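Q: One structure follows; several queries about it will come next.
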């Protein structure tokens, strides 16, 4: 059954004879049951409300709500509000809202899509066409935008969902939740996908994806920023770019992981916790800085075939407040470059399962500090700090060992303690309060310390 409903022109006709004060309120309520339904809603006015419910496969909704007529009086209620509920496979929904009402929230959009794929039904009509089981898009332009999208498969499915959100104007809030469990571990094709783009002032974004081959992009441009991503189980990827202002960002991913966070200046902070296969890169490019990366073990319990936790992490902060802590378990590697400022860095990599370990820290001047502890396997560590209040301590404990520290002038100190097998150490400090202590216990030992003054 195909049912197409257009609303907008008919409503305008109905209100044409009404008094001027009534012309600013438009309400549309549509309910459709069956397959291949289509609804198009177009509203212009001061207070627009659209509610569309569709039950069945292959349904489509498009809602357009536009700004106040010239010279009309703003209401202290949402200028545009759109609610869409779709239950069935291959649902598509698009909302475009354009309103700048200074008296209240300009735009509110809520889309809920539930896929009801039945793996026991082998009929050709029950399979989802190529593309996503559900697809939702929200475009908002106004002074206070809010968008919520919920996408879910009620019976397990074979394809993921796509959610796209673009918000322009000043106040923003976006929440997206995708929960697609899949069938018997079969990987989605295509995978679930989220894109969020926010531009302007009070950005916020919150994404939660659960199960199967996730993917994500969040872009927020200048001002108060914040982003929270939680992906849990299977493919994961990520990418959050915030581009200036008060920044923040939390990302937690579980299973195959990958992630990039770039904040490009101002308040900065970033926490990134990944478990299983891991890689991470955080670039903050100046100002408040922060950053904590924890990758591997102690989060969700691994499956019997889980052999991940390959770790790697790169943090480059490029000046100002600096701090960084990386804690990786298993195969490890880490690089931290902070490029001047109040510096501190702490890397622990606590061994396990064939750990190759490795760690490089370069801070290039100012309050400096660095601790590295690696614990077991083919460790190596390298610290260069380049002047001022410096301090460094490296402890490595058992197997490949090696350590180099070069500090270059001021209140220097350095301790290296290595404990067994390959050993070697080199410390060069070049001037002022110098002090060094090296203790290496058993097998290859070697040590060189040069201090300066």
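Q: Please work out, to two decimal places, the log10 of the ratio I(q)/I(0) at q = 0.24 Å⁻¹ from a Debye calculation in which every Cα of the stretch 226-280 carries one identical scatterer.
A: Each listed q maps to, in turn, -0.82.
Q: Suppose the chain between residue 448 and residue 36 were pulled fully straight at 0.36 nm per residue; how much longer would it get relative to their current alpha carbon spacing?
A: 140.6 nm
Q: Quick check: residue separation of residue 356 and residue 439 times 0.36 nm, minus the Cα distance between them. What number comes out in nm?
A: My answer for the length gained is 27.7 nm.
Q: Using a/c under 1.5 as the rounded threshold, could you call the stretch 305-453 rounded, prolate or oblate? The axes a ≥ b ≥ c are square roots of the C-alpha gyration tensor eigenvalues, and prolate needs a/b larger than b/c, oblate otherwise.
A: Since a/c reaches 1.5 but b/c is at least a/b, the shape of the stretch 305-453 is classed as oblate.
Q: Could you work out the percent of alpha carbon pairs in the stretch 327-372 separated by over 11 Å, rounded to a whole number?
A: 64 percent
Q: Fewest to most neighbouring Cβ within 10 Å: what's the order for 223, 370?
A: If I rank by nearby Cβ atoms, fewest first, I get 223, 370.
Just so you know, all these numbers are worked out from the coordinates, no wet-lab data involved. Just so it is clear, the structure is predicted and the values come from calculations on it, not from any experiment. Ideal geometry is used to build each Cβ from the backbone, glycine not excepted, and the neighbour counts take in all protein chains shown.
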